[in-house]
Structure formats: C-alpha cells, structure tokens
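Comments concern the structure below.
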Amino acid sequence: MTETEFLDKLEQHKGILLKVSRIYCDHPEDRKDLFQEIICQLWRSLKTFQQYSAFSTWMYRVAINTALVFHKHDKRRPDKQALLDHDGHAKAAYDDKPEQQLRQFYGAVKHLNEVEKALILLYIEGLSGEEIADTLGISANNVRVKTNRTKAKLQNLIEAQNNEL
Amino acid sequence: MNFDDIKKAMEDEPNDLPVPLSVKDIKSSHSLMKKIKNRLIIEILISLLLIVVLMINPSWNKMHETAQSLYYLTVFNVVMVILGFILFQLKTINDFKVYDLTSRQSIEMFIIKIKSVIEVGKYFSFGIFAALCLPVFIIYVGSVHVPESHIQKYLHLNIPWWQMALFIAGVILIAFLGSVYNWKILQKMYSKQLQNLEKIIKQF
C-alpha cells in the first residue's frame, strides 16, 4: 500500500481514530496528540497488515493498543476549565437528546479503566463478542461478562451524576 | 442508556482533527514506547562515547610500551562486550513494533521487553565493569613514573597469590557494585512505564 492509498484509507475510516481519541483523552490537546500517535503507529505497522482482514478491524486493534500505552501530558491535567465545563455538561439533567446523552456518556467514561474504555467502544461500534475478544486478546466469555459489568458501571455512574444534581 | 443513540451522536460530533497530507508531517512523541526507545538511544550514545574515550585514552595518559600494548589488548575485549550490548539494544529498539497484536499480547510484549532491557543491562554491566578493571589497572600501573623494569612484574602478573586473590576479589566487588548501581538506574528509568503497563494488564 502506498502512502497516498494509506492516507485515503485513513480518511475513509477517520471516525475510528476520532472515537478512540475522544474516549481515551478528555483534553483536546491530548486528543490531538493521540490522534497523531495512532496515525504514526498505523503507518509503522502497515507492513504487518494482512489484506485478508478488514482494514477497519486492523485499525481498531492498532488504535486501541496505541491508546492503551499513550503517555498523556500530566502537566496539562487537570485543566480546571475544561474539566469544569465537561462536568457541568455531564451533570446536566438526563435528557433524551442524543447530544446530552453523549455528554453524560463521556462524563461517565472517564471513570472507567483503560480496558473497560476499549470494551465499551468496541461494543458501541457493534463488533461481535468474538471480534472484541480477538482484538483485546481475552475469551469471548470474558468479553460478555466484562461488557455487562461495564455497561452496569456506566449506568451507575450516570445515575450518580444525576442524583448529585 | 441507549448505545445506538450514543453511537450516532459520536458519529455526528464535529470533526476537528484532520488527517495529515503526508506521513512525514506526523509527530510521534507521546508514546510510552517512544520514550523507552529514546532512553535506549541515549544509552547507546553513552556506550559509544565510552568506546571512544577508551580508544583515545593513551593519547593523554602516557604509558610504558608494554603497558600500552596490554592496554589495547584488554580494551579490545571491553569494546567487544560493549558492542554486544549495543547490538542487543538496537535489536530491542527494532522489535518495538508490536501494536498489531491483540491488546493483551502487545502489553505483555512491552512488559517483557522492558524487563529484559533491565535484566540484560544488569548482567552486561557486570561484564563491562569487570572487563574495565583490567585496562584501568594497566593505566594506573603503566603510567607510574618509574623505569619499566619496576612495573614488569605487575604487568606480567608475577605477584604473590594473595595479591592476585585480592585483585580478583576487588574486580568482582567493583563489577558487582557497578551492576547493582546500573540496575538501580535502569529500574528508576523504566519503573514508571513498567508500573503503568502492569496496571493495565491487571485490568484484562
């Protein structure tokens, strides 16, 4: 695959990179750095991409692995204003509006651990239990158990946010 | 919570991060592996500097002729040990491309690599410190301002057994202390990264 083909593919599946960056990094600068880091690792790992697997599946794998070991700028955090804004949104009354749900979702997601974040992202993206197991390297059974726990945890976090109001 | 709505809202979010026009425009500096790579590169540069210092040392440390030839002979051995270590470090740097394994495998692989860098560093430094004792001893004896005949017995190791035993014990002690010290430095350098990775692996 040439550099141009690679960049075209990236443009097609850019949503994956944005979602992974958004789930793992709260701060916009960290998000930008992670976004670049993932592209960098994708380019470096391109030689190992086997054409028989879908490009998006391979992208998820590299992106999540990069996010798991990504070094966030400790000095930047906590960016009080950003966190205040974010928490303010997250603590707003539960609303059925998708944007409102999304804000609450991001507010709750930052309390999950790194593997739970990966799990919930892949679940939302509609990957099957086997595909998630194959990406993370755990059994399908474990995926099922962990996904249910993570969903319950998210639900509790959101309820706790609403009760605080 | 409706995850379908969340997925849709995630997809509808404003897209403010552009894909670069060229791969060359991408900066990579926040990866944990990049940090480890940078530290390995610094270690390699220090090792290369040590080789240079050892090679040019006789130009400012004037030694007797016999001492000088013995010095180069022993330095050759030290340089070979250091080169072996550098080759290991280069191989480690080159093997960091494990982002396409499963997440668990890739984290495990990173942990193994960091631990091997620390362990191999510890044992290699024992070898390097032990091997370095000989040229240092030769510099010390060979540059003393006395006639060469007076230092021949030391250079030919024509000394009583107890002095020899003391010398060997001294070499082992220095090498041991050097390797422990180096191990502590390596642990300090990589412990934060290692702890982070071990914390993640426990989450699986």
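Annotations for the structure displayed:
- For segment B:87-108, a residue qualifies if it is at pLDDT below 85 and of a type outside the set (S, T, N, Q), and the qualifying residues are B:I93, B:D95, B:F96, B:K97, B:V98, B:Y99, B:D100, B:L101.
- Against the conditions (1) buried (at least 19 other Cβ atoms within 10 Å of the Cβ); (2) outside any helix (DSSP H, G or I), B:F85 satisfies every one except (2).
- The listed residue being surrounded by 21 or more Cβ atoms within 10 Å (Cβ to Cβ) and either more than 16 Å from the chain's Cα centre (by Cα) or not assigned by TED's automatic domain parsing to the domain that holds A:I124 (or both), out of A:T57, A:T66: A:T66
- Residue among B:M63, B:M10 that alone is in contact with a helix residue (DSSP H, G or I) (Cβ under 7 Å, 6 or more places away or on another chain) and free of Cβ contacts under 8 Å to residues at least 12 places away in the same chain: B:M10
- Only one of B:I151, B:I138 that is buried (at least 19 other Cβ atoms within 10 Å of the Cβ), modelled with pLDDT under 85 and out of contact with any Lys or Arg (no Cβ under 6 Å at 6 or more places or on another chain): B:I151
- Residue count for segment B:168-193 under the criterion of being surrounded by 18 or more Cβ atoms within 10 Å (Cβ to Cβ) and within 14 Å of chain A (Cβ to nearest Cβ): the result is 2.
- Just one of (1) modelled with pLDDT under 70; (2) closer than 25 Å to B:N2 by Cα fails for A:L17. It is (1).
- Test for B:N196: is it polar (S, T, N, Q) and either under 13 Å from the mean Cα position of the chain (by Cα) or assigned to a helix (DSSP H, G or I) (or both): yes
- Criterion (among the hydroxyl-bearing types (S, T, Y) and at pLDDT 80 or above) met by exactly one of A:Y106, A:Y94: A:Y106
The values are calculated or read from the model by the stated rules, or taken from the named source; none is laboratory data. Predicted model only: the values in this text are computed from it and were never measured. All Cβ positions, even for glycine, are placed from backbone atoms using ideal geometry, and neighbour counts span all protein chains on display.
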